[in-house]
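Here is the structure we will look at, set down as structure tokens.
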Amino acid sequence: MRRLIVAITGASGVVYGIRALEHLRQIEDVETHVIVTPSAYRTAMAEVDYTPEQIKALADHLYNHKDIGAAISSGSFRTSGMIVAPCSIKTLSAIANSFNAELIARSADVCMKERRPVVLMLRETPFHAGHIRLMDQATQSGAIIMPPVPGFYTRPQTLDDVIDQSVGRALNLLDINLPSVKSWTGSGVE
């Protein structure tokens, strides 16, 4: 069983984390360990038709965002990595600076020190120099910065197509391959 940490922050785009959890529920050998911040639940009220209970139900294991003693806060608890979808600038800053006051940053820090992938679906635009410095710091520590920027070579027809492709590409970075993700072949998509 592959354990994967999924964190959902209060940045716009909570649908990315929700969709990741929906896809991961369909994969038999993946067990999700989920952190959802209070801000994420607040953002979800404005952006999606999911109640907090429906979001929580997508997790195999759910942790309080302040529980820095949770299983996923230790390197001895083996995981396949972590995705933060969406990743707020506040969370990026905490991860980049190893400010482990809450579980998302602590879990990311643990993954990076153990050389496990951490994918940050950063949701902010435009970037100022401080954001870019934080992205550089996080990258130097081992994080992968992946803003959900759509690729149009897949010729998406719906918003769901764009969301699924972005989430699928992020999960590819964690060695999870969704059949719905289209790949460039050199002369088109497959």
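Each value in this text was obtained by applying a stated rule to the coordinates, not by laboratory testing. All values reported here derive from a predicted model rather than from experimental measurement. We place every Cβ from the backbone using ideal geometry, glycine too, and count neighbours over all the protein chains shown.
Looking only at segment 158-190, filter to residues that are small (Gly, Ala, Ser) and out of contact with any Phe, Trp or Tyr (no Cβ under 7 Å at 6 or more places or on another chain); which one of those is farthest from residue 86 (Cα to Cα)? Looking at the filtered set, the residue picked out is 187. Among residues of segment 150-162 being surrounded by 11 or more Cβ atoms within 10 Å (Cβ to Cβ) and not charged (D, E, K, R), the one that is nearest to residue 182 (Cα to Cα) is 154. The test for being crowded, with 23+ Cβ neighbours inside 10 Å, touching a residue at least 12 places away in the same chain (Cβ under 8 Å) and of a type in the set (A, V, I, L, M, F, W, C) does not hold for residue 110.
Condition check for residue 180 on (1) in a loop (DSSP other than H, G, I, E, B); (2) buried (at least 17 other Cβ atoms within 10 Å of the Cβ); (3) touching a helix residue (DSSP H, G or I) at 6+ places or on another chain (Cβ under 6 Å): one failure, at (2). Among the residues of segment 137-174, those that are touching a residue at least 24 places away in the same chain (Cβ under 8 Å), in a helix (DSSP H, G or I) and more than 16 Å from the chain's Cα centre (by Cα) comprise 137, 153, 154. Scanning segment 101-119 for residues that are closer than 16 Å to residue 79 by Cβ and not in a helix (DSSP H, G or I) yields a count of 6.
Within segment 113-132, the residues that satisfy the criterion of being surrounded by fewer than 21 Cβ atoms within 10 Å (Cβ to Cβ), within 15 Å of the chain's Cα centre (by Cα) and more than 19 Å from residue 41 (Cα to Cα) are 116, 117. Do we have residue 141 as hydroxyl-bearing (Ser, Thr, Tyr) and buried (at least 17 other Cβ atoms within 10 Å of the Cβ) here? Taking the combined requirement at face value, the residue does not satisfy it.
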